[in-house]
Every structure is written in C-alpha cells, then in structure tokens.
Amino acid sequence: MDDPLDLLVVGAGPTGIAIGAEARKAGLATLLVDRGPLCAAIVDFPTGMIFFTTRDKLEIADVPFGIPDDKPNRRQALAYYQGVARRYELPLALYEEVLEVRRTDGEGGHFVVRTRARDGRERRRRARSVALAMGYFNHPRTLGVPGEDLPWVHRRYREPYYHFGQHVVVVGGGNSGVEAALDLWRNGVRVTLVHRGPAVKPTVKYWVKPDFEHRVAEGSIAACFETAVRQFRGDGEVEAERGGERRTIHADAVYVLIGYLPDVGFERRCGIAVDEETLVPAFDPETCETNVPSLYVAGTPQAGRDTGKIFIENSRDHGPRIVRHVLSRRAAAVAV
C-alpha cells in the first residue's frame, strides 16, 4: 500500500470533483476513485438533456461556467466538469470499483480502501479520511414485478433512434419519464406513458409539462394514469392494472424511469448508521462527517429516499465543509 492519502474521495461526479478541488487548494494529498468515467451519471443522461438548473448554480470550485446559454446541456456540463478536473489537476482512478472502506485502528486510525480495476486486479490504499460522494444513479428503483429483467425492459433512457416506427411504453411520471416520452414521440415512435398518479408530477420542468399535457390532449401520446404495472410477459406484453381492472399493452420496448435510491448497503458495510425508513445516513450537517470518525458523506446520498431534495446547486458547499473539518482534525492532532 502507498503512503496514506489525506483524503480519498469515492465518486468522481460534480460533488466528488468539488471535494477534490477543495482538497487540492488546501494542499491535501487526495485521490478520486470511481467505478466509471468522470461524471458517469451525466455521461449516462439522455443525449439531448438540458439541465433544469442555470449555469451559475452548477459552478463549483470557483471556476466560472463560461457558456452563453442560461441552462447548460449535457455536453456543456461534461466539458465544464472536465475543465475543473484539469484546472486542479485532480488525481483520478477511473473505472476502478471500491469494494470496501474499512477503518483499521492498527493502521493508526487510517482507512484501508480496497478497489478492483476492470482487468480484475485489486488494490489497497490507505487514507486518513474518506468522503463518499457516489450519487445514486447506479441504483435505479425497480417495480418489483415479474419479468422486469427481460431484455426489452430498460432502466435508463439515452436516445430515441433505436425505436423509430415502434411502440414504446414509458413507466414513470417524473422528469425522466415525461422527457423520454416527448423525445421518443418527436422521433417517430408511438408512446404510451404509464404512471400511478392521477397526472404527471408537479416537479416536472415548467417548460416541459405543458408540452407533454398538450400532446396527451391531442392524442399524440397515450397516457394511462392511476395505473400500475403488474408484470412483463413474453416478447412485449405489459400487464397493467387500473381500478381493479387489468389490461395488456403490447410494446416493442419499455423504459422504467421511476427514480433512484442511494446504495445504503455499501454505506452500512462502511459502518455508517442508516435510518431504516428514510435511508438517511447518520451525519453532522455542519461537517458532513458520519458516525464513523473521519468518514464523510456528501451530495445526494445525504437525502436518503428523498432524492429530489439535494442537487448540485445545494451540495456545492459539501466540499469546503469536509476539507475544513479534515484540516481542523489535522491541526488538532499536530497540537497534541
């Protein structure tokens, strides 16, 4: 194992980059480790996605988001966060999955972080502090119904071009479902949206919601509200239920876009106490430190089930909070 890092960051999305940049500014030895590419969640966003948030609220680490558009698109966001990583010369270990974060008293209170690269090789690193900034996009919610693992049932939407001339069912009435339905329809796809609620969610982007409602009203997009999917069968049968009555919808493909949950199993394996009901980890809001000393949690996982509560714009200060606390701990140790 190498000499211990001052701060190892698990996750290389916007929050992880912000933490790493603060650590570099403070002169701390740091490393960002991620199972995928830089900003993996944004890489996996639909190719034509436009952020709800304005560019100034997406800025991190005192780096201006220099574009003329008020709301960035996916490509602009990726270019910006890559630029921040270059600006601070962030050390990165990408495509390297973190298997274990273990505090070892025998190592002077350091953490041992065990990882595995794509070629299967494992590595162990030591760190005085660890920050978990993994987001939640690797853990999409599931319906928990039979047939959900069939190959024509998908949990992530990228673009419509695979489905020209086909019929696609979209499950979910939030931003992801509504935007996917509109994108598919505009590119020659027959679309049916299925949602448990009486209408699409009120949190749908204000410029998207009227467009979708108009397409439903004119009959361009079929909408099945107050409807639950009960199972997927064969090569394209979706069994849905509304008001106690069941019907079969025939589809060439299905996109289940009903949100995400944090990886609480990983958090608990790290020793973090997680509330059974809310899935909120135990942490100090002022420092982001969990019940495990020098182990921090940052970004969206702080919200537990309520994944719509924390975004980039209201988690940008997690990095400064964590680094200030790491520095205070180090100063206290030196004083002793």
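The values are calculated or read from the model by the stated rules, or taken from the named source; none is laboratory data. Since this is a predicted model, take the numbers as computed values, not measurements. All Cβ positions, glycine included, derive from the backbone under ideal geometry; neighbour counts span all protein chains shown.
Kindly indicate whether any position in region 199-207 is among the small types (Gly, Ala, Ser), under 14 Å from Ala251 (Cβ atoms), touching a helix residue (DSSP H, G or I) at 6+ places or on another chain (Cβ under 9 Å) and not assigned by TED's automatic domain parsing to the domain that holds Gly308. So far as region 199-207 goes, no, none of its residues is among the small types (Gly, Ala, Ser), under 14 Å from Ala251 (Cβ atoms), touching a helix residue (DSSP H, G or I) at 6+ places or on another chain (Cβ under 9 Å) and not assigned by TED's automatic domain parsing to the domain that holds Gly308. As a summary of the residue check, Ala251 satisfies the conditions (1) surrounded by fewer than 21 Cβ atoms within 10 Å (Cβ to Cβ); (2) under 21 Å from Pro146 (Cβ atoms); (3) among the small types (Gly, Ala, Ser) except for the one numbered (1).
Have a look at Thr287, Thr307, Thr278 and point out the one that is within 23 Å of Thr203 (Cβ to Cβ) and modelled with pLDDT of 90 or more. Of Thr287, Thr307, Thr278, the one residue that is within 23 Å of Thr203 (Cβ to Cβ) and modelled with pLDDT of 90 or more is Thr278. Restricting attention to region 171-198, the residues that are surrounded by fewer than 22 Cβ atoms within 10 Å (Cβ to Cβ), touching a helix residue (DSSP H, G or I) at 6+ places or on another chain (Cβ under 7 Å) and within 15 Å of Met49 (Cβ to Cβ) add up to 2.
Would you check if there is a residue in region 303-314 being among the charged types (D, E, K, R) and in contact (Cβ under 8 Å) with a residue 40 or more places away in the chain? Yes: one or more hits. Restricting Val84, Val145, Val112 to those that are among the aliphatic types (A, V, I, L, M) and assigned to a strand (DSSP E or B) reduces the list to Val112.
Determine whether Asp70 is within 16 Å of Val130 (Cα to Cα), among the acidic types (Asp, Glu) and not in a helix (DSSP H, G or I). So Asp70 fails the test.
Is it fair to say Arg158 is closer than 28 Å to Gln302 by Cα, part of a loop (DSSP other than H, G, I, E, B), of a type outside the set (A, V, I, L, M, F, W, C) and modelled with pLDDT of 95 or more? No, not satisfied. Can you name the residue in region 314-324 that is crowded, with 16+ Cβ neighbours inside 10 Å and at pLDDT below 90 and, of all such residues, is nearest to the chain's Cα centre (by Cα)? Here the residue is Ser315.
Filtered by the rule that a residue be more than 27 Å from Leu28 (Cα to Cα), among the small types (Gly, Ala, Ser) and either assigned by TED's automatic domain parsing to the domain that holds Thr30 or in contact with a Ser or Thr (Cβ under 9 Å, 6 or more places away or on another chain) (or both), region 102-151 gives a lone residue, Gly120.
Exactly one residue among Phe266, Phe212 is aromatic (Phe, Trp, Tyr), surrounded by 13 or more Cβ atoms within 10 Å (Cβ to Cβ) and either outside the structural domain of Ile322 (by TED's automatic domain parsing) or assigned to a strand (DSSP E or B) (or both), and that residue is Phe212. Scoring Arg24 on the criteria (1) crowded, with 16+ Cβ neighbours inside 10 Å; (2) modelled with pLDDT of 90 or more; (3) outside any helix (DSSP H, G or I) leaves a single failure, condition (3).
Considering region 27-62 alone, what residues qualify as being under 15 Å from Ala93 (Cα atoms), in a loop (DSSP other than H, G, I, E, B) and within 14 Å of the chain's Cα centre (by Cα)? Listed by number, the residues that qualify are Asp34, Arg35, Gly36, Pro37, Leu38, Cys39.
The residues in region 215-263 that are over 30 Å from Val280 (Cβ atoms) and either in contact (Cβ under 8 Å) with a residue 60 or more places away in the chain or in a strand (DSSP E or B) (or both) can be counted, and the count is 25.
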